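Participant: Can you read through this structure? Questions will come right after.
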Amino acid sequence: MTSPLGFLGFWETTGSAKTFTHPLDPVLLEEYVPRAARVLDYGCGYGRLTAELAGRGYGAVRGVDVSAALIARGRREHPELELLRCGGFPLPFEDGAFDAALLFAVLTCVPGDADQSAITGELGRLVQPGGVLYLSDVPLQGDALNQERYARYAERYGTYGVFETPDGGVFRHHPPELLRQRVRAAGFSLLAERRGSVGTLDGRTAERLQLIARKEPARDQKEPSQGG
């Protein structure tokens, strides 16, 4: 089993007390994810969006996170939810167990390429063909603060876009095409994109990129024969 988060210590301590701010887009959600869908909220934290989904009438929602502290907080704040702490892969679900998966502000918390690919690849396993992945994350920003810290930490982490915060967090912003590539490599085809602004953990505002992608049939899955 591989850990999908190499900087877990922050999320077991300081990060577990944060108020998360990355919002769902209800219009986008309802257009692509029917209320009867079995939904996995991966990187659910303390269940903020899992609870919102349940409140919107999604009756088959499960939240998973690597942080024991965040899951414990979620169970206190939302005892009615199914929240599961999983420290590695594979997750304890069958292939194609879900009709949809949410990946909200998760890759920004996972600086390593291999760990990011492991996460999206696992979601590719868990979402059934025809199901959807709803990803929302933070692309590279153009403001002076972010540009300066991308440059300052690029050599340390070997990746432009990774940076540290004064409270001990390590985060990553992405070229938009990299997010698209992660999704495609996991077996999804892009259906829609949306851009907008979101609040950040440190009280600032950032641009975000939302992607809706549909899980493609397995490559070795044969088309039904035509005729008799």
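The values are calculated or read from the model by the stated rules, or taken from the named source; none is laboratory data. Values in this document were obtained by computation on a predicted structure and should not be read as measured data. For neighbour counting, all protein chains shown are included, and Cβ atoms are generated from backbone atoms with ideal geometry for every residue, glycine included. All accessible areas refer to the heavy atoms of the entire protein, side chains included, with ligands and DNA or RNA removed. Shrake-Rupley method; radii C 1.70, N 1.55, O 1.52, S 1.80 Å.
Participant: Counting only residues that are touching a residue at least 40 places away in the same chain (Cβ under 8 Å) and basic (Lys, Arg), which one in the stretch 11-59 is surrounded by the most Cβ atoms within 10 Å (Cβ to Cβ)?
Facilitator: Step by step, filter the stretch 11-59, then rank; the result is ARG38.
Participant: Output the number of residues of the stretch 156-165 satisfying the condition of being open to solvent by 20 Å² or more (accessible area, probe 1.4 Å) and of a type in the set (Val, Ile, Thr).
Facilitator: Count: 2.
Participant: Let me ask something else about it. Residue by residue through the stretch 191-228, note down the ones that are closer than 19 Å to VAL138 by Cα, basic (Lys, Arg) and modelled with pLDDT under 95.
Facilitator: Residue satisfying the conditions is ARG204 alone.
Participant: Now, a different point. Going by the structure shown, is GLY168 touching a residue at least 60 places away in the same chain (Cβ under 8 Å), in contact with a helix residue (DSSP H, G or I) (Cβ under 7 Å, 6 or more places away or on another chain) and open to solvent by 30 Å² or more (accessible area, probe 1.4 Å)?
Facilitator: When the stated conditions are applied, GLY168 passes them.
Participant: For SER67, indicate whether it is among the hydroxyl-bearing types (Ser, Thr, Tyr) and open to solvent by 30 Å² or more (accessible area, probe 1.4 Å).
Facilitator: The answer is no for SER67.
Participant: Quick check on my filter: what residues within the stretch 129-154 are in a strand (DSSP E or B) and buried (at least 17 other Cβ atoms within 10 Å of the Cβ)?
Facilitator: Matches in the stretch 129-154: GLY131, VAL132, LEU133, TYR134, LEU135, SER136, ASP137, PRO139.
Participant: I'd like the residue in the stretch 174-209 that is free of Cβ contacts under 8 Å to residues at least 12 places away in the same chain and part of a strand (DSSP E or B) and, out of all such residues, is surrounded by the most Cβ atoms within 10 Å (Cβ to Cβ).
Facilitator: By that ranking, first place goes to THR205.
Participant: Here is a list: ASP25, ASP99, ASP95, ASP41. Which entry is within 16 Å of the chain's Cα centre (by Cα) and more than 28 Å from ALA206 (Cβ to Cβ)?
Facilitator: ASP99
Participant: Same structure, new question: When residues of the stretch 76-106 are filtered for being surrounded by fewer than 16 Cβ atoms within 10 Å (Cβ to Cβ), without any contact (Cβ under 8 Å) to a residue 40 or more places away in the chain and more than 18 Å from ARG38 (Cβ to Cβ), how many remain?
Facilitator: Total satisfying the criteria: 3.
Participant: Name the single residue, out of those in the stretch 107-149 being touching a strand residue (DSSP E or B) at 6+ places or on another chain (Cβ under 6 Å) and either free of Cβ contacts under 8 Å to residues at least 40 places away in the same chain or small (Gly, Ala, Ser) (or both), that is farthest from ALA37 (Cα to Cα).
Facilitator: Taking the candidates together, the pick is ARG149.
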